[in-house]
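First the structure, in the form of structure tokens, and then the observations on it.
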Amino acid sequence: MLIEFGNEMNLELNFMAQGLAGTIAAQKIAGIVETAPSFASLLVHYDPDEISFKDLRQETTALIRSLGPSDDIMLDSRLFYLPTMYLDRWTRECVEDYCNKIKRKEPDPEFVARINGLADTNQLVRVHSGTEYWVAALGFWPGLPFMMALDPRCVITAPKYNPPRTWTPQGTVGMGGASTAIYPVATPGGYQIFARTPVPIWDTEKRFSVFHDSIVLFRAGDRVKFMPIGDEEFEFIEAKVKDGTYIYNVVEYQKFSVMDYKVWIATLDKDRRF
Amino acid sequence: MIEVIKPGLETAVQDYPGRIGYWAQGFPPSGPMDDWSFRLANLLVGNPVGAAALECQFVGPTLRFRTATVIAVCGADMKPTLDGKPFPMWQSVAVNLGDVLAMSFAVVGARAYIAVAGGIDTPPWLGSRSTFHKAGVGGIGGHALKAGQVIAVGTGNGLAGRRVRPDARPAFAADKKWNVEVVRGPNDDWIDEDGHQRFLMTEWKLSSKSDRTGFRLDGPQWTFTAMATEKAPEHGSEPSNIIDQGYPVGAINLAGQTPIILVNDGPSMGGFINPYTVPSAAFWKLGQAKPAEVLRFNAVSVEEAQTLRHKIDAICTESSII
């Protein structure tokens, strides 16, 4: 069953979807196997031997009513600091390869800066790395986070590739619509790409303790802060990852209050970019 | 232990219902595509219906048994032989140390299942032994069997000579036309009435560009309602684009104008609409359809689909074994 909260991409609708997912998990409703939140909807996987579609609809409708406005929602939210090299050579080469083999296009960083009215690619880096990102959903590929900028001064948008790329380097950071994603492994893709992180976001071998209870780094409701780094730092971290001594920079103790967030963004001048 | 002499086209370890509970992280269930034949094969050799077994796609493997055991082959007819002699399907058979089971290409159906008493004993990964090829996890090293590999088998006490009641077998389409149940939604309101009529009237051809992640269908163009054409820009530029949403397994996903049925290893979310969903009770038909065969869709209600599922679950029990 798919529960749709609205017809647009905004944080409010995702807070509702994640709030409902949390409530369903806490209530342990018999017959609900699992839920998967997305930007503005929640997919519910149920066992019809245990709960009928009709009863499921009644139960979830009652839960949505009990949720109230999103202001009251408090979500567990870890914060990940993710070293990331912007305007890196790997994503640039990938775009050049696409231009040579599939279709000519303006280089992604220049294109995204231009259509969002930014002065240059340096400002794109300032704006894109100037906010925490909200993990709205995971999917498409195992562990791939779909994220939205929490600071309205950093919201930028970009159309997707048409046709899509046949490959994207592992760890690439890119944008499509108002969503930012990180490619966990080398896969095809359609987002505009302009950065790369050396830090693995999934680990099938569980080499790092942060993966002790899951092989994917993120959960819906986590936050990510990209930390711009240069070549030397990228190579330093890459070596640490390779020998298994990299330490993930995670803040574990935080909760995200939708109300506090709304109070904060009301104080901001959205027209002033970093 | 079982030694792989020839791997076949794509033979892989699967269990039922597969890797459940990780959809929110993007992991599909995997598992056997024809879970009806799969469960019967396990029952025949005395295993729980969900025990790990081998799924063989289009062309089956050649295997040598390093221990005497009891096996059963169900599903597509790949003309199996044991030491060169025809091997009976839909029944449990004792095999001796050194016996060689050889399978050819599927004459009827697309996927055959080999169950072994005690089940395949590869290490479970996220709670399941199912192979998820695309991410290289589960099964043996995350991929289909390779020549020379040795497969570990658990201990079982299967009995030879057990058969599936003929009326308990899934009926494969002899004329290569499959009548597949579909339930409307979740995004049926994006398709106009002509579009719905056309979908249900069309004989869709299963494309050769199909695998365990998606079954592509060749057929006519789709037409849309205003929801698809007059929408906020964040949905995307194509009429079938929608803000990324969760995909149910079995969703008929409209990528541009091409419908793709998202099957066992499909993506958990994405930015295209799903006007129809194939209910789990009809997944076995998809598992047995070959490229170039025809799929016709028959709209049923959620209740009808679930009644059908109960019926198949009741068949996949000891009551069907004689």
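Odds and ends about this structure:
- Within the range A:47-62, the set of residues being closer than 17 Å to residue A:34 by Cβ and either hydroxyl-bearing (Ser, Thr, Tyr) or touching a strand residue (DSSP E or B) at 6+ places or on another chain (Cβ under 9 Å) (or both) comprises A:47, A:50, A:51, A:53, A:56, A:59, A:60.
- Selection from the range B:7-37 of residues that are of a type in the set (Phe, Trp, Tyr), in a loop (DSSP other than H, G, I, E, B) and more than 12 Å from the chain's Cα centre (by Cα): B:22, B:27
Every residue, every condition in (1) closer than 20 Å to residue A:113 by Cα; (2) in a helix (DSSP H, G or I); (3) in contact with an Asp or Glu (Cβ under 7 Å, 6 or more places away or on another chain), yes or no:
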position	(1), (2), (3)
A:146	no, no, yes
A:153	yes, yes, no
A:160	yes, no, no
A:176	yes, no, no
A:200	no, no, no
A:204	no, no, no
A:246	no, no, no
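- A count restricted to the range A:3-33 and to residues that are at pLDDT below 95, within 8 Å of chain B (Cβ to nearest Cβ) and either over 28 Å from residue A:156 (Cα atoms) or surrounded by fewer than 16 Cβ atoms within 10 Å (Cβ to Cβ) (or both) stands at 1.
- Which listed residue, of B:73, B:59, is more than 17 Å from residue B:154 (Cα to Cα) and open to solvent by 20 Å² or more (accessible area, probe 1.4 Å): B:59
- Of residues in the range A:122-155 being of a type in the set (Val, Ile, Thr) and surrounded by 19 or more Cβ atoms within 10 Å (Cβ to Cβ), the one farthest from the other protein chains (Cβ to nearest Cβ): A:125
- Residue in the range B:124-138 that is open to solvent by less than 40 Å² (accessible area, probe 1.4 Å) and more than 14 Å from chain A (Cβ to nearest Cβ) present: no
- Note on the range A:156-185: residues that are within 17 Å of the chain's Cα centre (by Cα), open to solvent by 10 Å² or more (accessible area, probe 1.4 Å) and within 12 Å of another protein chain (Cβ to nearest Cβ) total 6.
- Unmet criterion (only one of (1) away from chain A (no Cβ under 11 Å); (2) basic (Lys, Arg); (3) open to solvent by 40 Å² or more (accessible area, probe 1.4 Å)) for residue B:285: (3)
- All strands (runs of 3 or more DSSP E) inside the range A:40-106 with 3 or more residues being within 14 Å of chain B (Cβ to nearest Cβ) and surrounded by 18 or more Cβ atoms within 10 Å (Cβ to Cβ): A:41-46
- In the range B:219-241, the residues that are open to solvent by less than 40 Å² (accessible area, probe 1.4 Å) reach residues that are among the β-branched types (Val, Ile, Thr) with C-beta atoms within less than 6 angstrom, at least six apart or across chains, in these pairs: B:235/B:242; B:235/B:243; B:240/B:273.
- Boolean, residue B:115 is within 21 Å of residue B:284 (Cα to Cα), touching a residue at least 12 places away in the same chain (Cβ under 8 Å) and buried (at least 17 other Cβ atoms within 10 Å of the Cβ): yes
- Residue B:8 passes every criterion in (1) at negative phi; (2) open to solvent by 10 Å² or more (accessible area, probe 1.4 Å) apart from (1).
- Single condition residue B:309 does not satisfy, out of (1) touching a helix residue (DSSP H, G or I) at 6+ places or on another chain (Cβ under 9 Å); (2) more than 11 Å from chain A (Cβ to nearest Cβ); (3) not β-branched (Val, Ile, Thr): (2)
- Only one entry of A:206, A:240, A:225 meets the criterion of being farther than 29 Å from residue A:15 by Cβ and in contact with a Phe, Trp or Tyr (Cβ under 6 Å, 6 or more places away or on another chain), and that entry is A:240.
- Across the range B:266-282, the qualifying residues are those that are under 14 Å from the mean Cα position of the chain (by Cα) and either within 11 Å of another protein chain (Cβ to nearest Cβ) or open to solvent by 20 Å² or more (accessible area, probe 1.4 Å) (or both), and the one among them that is farthest from residue A:137 (Cα to Cα) is B:281.
- Matching residues in the range A:190-207 - criterion: being open to solvent by less than 10 Å² (accessible area, probe 1.4 Å) and over 13 Å from the mean Cα position of the chain (by Cα): A:192, A:193, A:194, A:195, A:197, A:199
The values are calculated or read from the model by the stated rules, or taken from the named source; none is laboratory data. The shown structure was predicted, so the numbers you read here are calculated from the model rather than taken from an experiment. Glycine gets a Cβ as well: all are built from the backbone with ideal geometry, and neighbour counts include every protein chain shown. Remember, those area values only see protein heavy atoms, side chains included, never the ligands or the DNA or RNA. Shrake-Rupley method; radii C 1.70, N 1.55, O 1.52, S 1.80 Å.
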